[in-house]
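Written below as structure tokens is the structure these notes are about.
Derivation of every value follows stated rules applied to the coordinates shown; laboratory data play no part. Given the structure is predicted, the values throughout are model-derived calculations rather than measurements. Positions of Cβ are generated from backbone atoms using ideal geometry, with glycine treated the same way; all protein chains shown enter the neighbour counts.
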Amino acid sequence: MNPLAKELNELIAQTNPHVLDMLSDLGKNLFFPKGILTQSAEAKEKAHKYNATIGIATEKGGPMYLECIQRKLSAFDPKDIFPYAPPAGKPELRKLWVEKMLRENPSMQGRQFSNPVVTSALTHGLSIVGDMFVGVGDHVVLPDMLWGNYNLTFGTCNGGIIKKHPTFTAQGGFNADAFRAELKKTAAEKGKAVVLLNFPNNPSGYTPTVAEGDAIVAAILEVADAGCNVVAVTDDAYFGLFYEDSMKESLFGKLANRHPRVLAVKLDGATKEEYVWGFRTGFITFGATSTEPQPKMLEALEKKTMGIIRAKISNCPHPSQTFVIEALQSPDFLPQKEEKYQVMKGRALKVKAVLDSGKYNDAFTYYPFNSGYFMCLKLQTVDAEKLRVHLLDKYGVGAISINSTDLRIAFSCIAEENIQELFDIIYQGVKDLA
């Protein structure tokens, strides 16, 4: 093991040995090298005559660039576009994101957490979590309505075992009892659990109520009290898109600083929250495991994160970080975001109104949804994959088949005035096949 990795592990162990036990073998071996990047950072500060360190080309006191590219980006200084971004992300962006998290999550006020590290959007953040905390045979607890990429990330890539529980109760709420039972089972078998809390959920579009969220937190604390180490990951990709009765905050604020055996990890980003999918700008933030100051442990986790970023992609794109900074600082940001939120909410509520008409009840019903981008139909009489192909071939309508009964609809990309027609076509497609 590299001496730098040993040093980080010792810092973690001195603060909380349970967190060290949560790390996978790879996680324990991660470190941020004191190599080119460290030496370049020192040179940037002190090399006032010539700086012959980092591998970019310069001219006239700034980065070299092609004018045909720069003229399309003329609103931005070349130094904020062309050079490499710092491995943990631009400091001003990380600071702005902390301010945003605290503004939108009052439960995080007064909590102790790391400085967010910039990731190449949420999928990259999930990959980092997998590398750092999921070893071969480790259990990852998820609802059965889940984003399929979790299987690839945690199962195929990291060797974890996906343990699913029913998402909903018969009454239509989040099945906190099933979650608790599956978590207790994993705790008894492994003594360690990685919990994925994806709200608003993809594919169902459901966010738990405040009471259901409290039940989730209580279940995690219960198994922690019994001696299980829990890595509680909040995948907040669709954060803020809450349309009806639900939690309006990430569960991160209720899980951070709560228990020595609970490490809360927050994944979020501008990708979907700010409608900039192609920017690929996300964040990973670690919560402390106590109300007592734990700066060394949090710094060690940050450095391990920087180490895996350095190893896999070196650093995240610079231009998109600059664009997000510009947006967050704009006086137009909040009113424009509210405008888009109202559009999304209107679509969601229109879907619900159309489906609640009873017109389609002999063909399909729907799972509860109150947030996010998606909702799911539960088909009564036909196979979802056969219907998907039929809708595509005959009507030019695309949807996603989740399994034999569930069809995911992304109302995020359907104009409100077209929603009635969309479901009329889906209904006709069912009738065609039936």
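Our compactness index for segment 333-424, the C-alpha radius of gyration over the empirical 2.2 N^0.38 Å, is 1.13.
Expressed in Å, the radius of gyration and Dmax of the Cα atoms of segment 198-337 are 16.8, 49. In the chain, helical runs assigned H by DSSP with n ≥ 4 each contribute -39500 (n - 2.57); averaged across all residues and rounded to the nearest 500, the mean residue ellipticity at 222 nm is -12500 deg cm²/dmol. The calculated FRET efficiency for the pair Asp214 and Ala188, based on their C-beta separation and a Förster distance of 30 Å, comes to about 0.80.
For segment 427-434, 3J(HN,Hα) computed residue by residue from phi via the Karplus equation (6.51, -1.76, 1.60; θ = phi - 60°) reads 4, 5, x, 4, 4, 4, 6, 6 Hz, glycine and proline entered as x. Between Thr322, Thr186, Thr156, the GNM of the chain built on Cα springs shorter than 10 angstrom shows Thr156 fluctuating the most.
Summarising the amide proton neighbourhood of Ile161: residues at separation of 5 or more, or on other chains, whose placed amide H is nearer than 5 Å comprise Gly137, Asp138, His139, Val140.
Using the Karplus relation 6.51 cos²θ - 1.76 cosθ + 1.60 with θ = phi - 60°, the per-residue 3J(HN,Hα) values for segment 118-125 come to 6, 10, 7, 6, 5, 4, 5, x Hz, with x marking Gly and Pro. Charging the Cβ of each Asp and Glu at -1 and of each Lys and Arg at +1, and nothing else, the dipole of segment 334-433 about its Cα centre rounds to 200 debye.
Averaging the sequence gap over all C-alpha pairs within less than 8 Å and six or more residues apart, then dividing by the number of residues, gives the chain a relative contact order of 18 percent. Using a 7 Å offset from Cα along Cα-Cβ at Ala226, what residues in segment 144-188 end up with backbone N under 15 Å from the label point? Within reach of a label on Ala226: 177-188. Short-range pairs are left out: with C-alpha atoms under 8 Å and at least six residues apart, the relative contact order of segment 334-433 is 30 percent.
This ranking places Glu10, Glu249 by how few other beta-carbon atoms lie within 10 Å of each, fewest first, which gives Glu10, Glu249. Legend: calculated FRET efficiency, Lys394 to Gln420, from the Cβ-Cβ distance at R0 = 30 Å, rounded to 0.05, equals 0.95. Close amide H partners of Tyr366, meaning residues 5 or more places away or on another chain with modelled amide H under 5 Å apart, are Lys378. Taking packing as the residue-averaged number of other Cβ atoms within 10 angstrom, the listed peptides 237-244, 66-73 run from highest to lowest as 237-244, 66-73. Among 360-371, 299-310, 28-39, the peptide with the highest mean count of other Cβ atoms within 10 Å heads the list, and the full ranking is 299-310, 360-371, 28-39.
Here the chain has an Rg and Dmax of 23.3, 78 Å, counting Cα atoms alone.
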